[in-house]
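Presented below is the structure to which this report refers.
Only the coordinates and a few stated rules stand behind these numbers; no lab work does. Being a predicted model, the structure only gives us computed values, none of them experimental. Here the Cβ is made from the backbone with ideal geometry for all residues, glycine too, and neighbour counts use every protein chain on show.
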Amino acid sequence: MKILFLHGWHSVPGGVKPSYLARHGLEVINPALDDDDFDRAVRTAQAEHDRHRPDVVVGSSRGGAVAMNIDAGSTPLVLLCPAWRRWGTAAAVKPGTVILHSEADDVIPIADSRELVRSSGLPDSALVVVGTDHRLADPEPLAAMRDACLGAARRRDAGMRP
């Protein structure tokens, strides 16, 4: 399975989360996104999506906002503490999106993800509350991210929603 992983602000390709996915047998495309120019970051992500046609797009924090602002077609989104209120213009996500967020996130309030679920008409189950901080880099949230990717791809292939 192929994942397009969009990193957060001042993060770099090859971090803990995309490395975890790669160690678990997933092919990970992890482009460097411009930290200073959001539109350039979106263009880079769109080009990578169009070139590689991933099975799932994962966006972490600012990368979540980038993921929300590309045309991903039917490709499911898995968003990790998405910073959608800070960057971009998208204020809703498509059906089938899964959002992981920690109650203890001190960077992006979990209330933002709850609002995104409501405004998008997603079921409450689309928000997975996991982890102890914004990074979601501990074993439990990493496994939840992998499981969300696998589940999203299975549901898409079966033509189902979460």
If I filter segment 29-46 for residues that are within 16 Å of Cys149 (Cα to Cα) and of a type outside the set (Ser, Thr, Tyr), do I get at least one hit?
yes
Can you name the residue in segment 20-44 that is touching a residue at least 40 places away in the same chain (Cβ under 8 Å) and closer than 22 Å to Pro141 by Cβ and is also surrounded by the fewest Cβ atoms within 10 Å (Cβ to Cβ) among such residues?
His24
Hey, any hits in segment 54-68 for a residue that's without any contact (Cβ under 8 Å) to a residue 40 or more places away in the chain and hydrophobic (A, V, I, L, M, F, W, C)?
yes
Kindly evaluate Thr132 against the criterion of being more than 12 Å from Leu80 (Cα to Cα), of a type in the set (S, T, N, Q), surrounded by 14 or more Cβ atoms within 10 Å (Cβ to Cβ) and in contact (Cβ under 8 Å) with a residue 12 or more places away in the chain.
yes
Just the residues that are in contact with a Gly (Cβ under 9 Å, 6 or more places away or on another chain), in contact (Cβ under 8 Å) with a residue 40 or more places away in the chain and farther than 22 Å from Asp37 by Cα, please, taken from segment 78-107.
Val78, Pro95, Val98, Leu100
Flagged in segment 93-129 as at positive phi and exposed (fewer than 15 other Cβ atoms within 10 Å of the Cβ), in numbering order, are Gly121
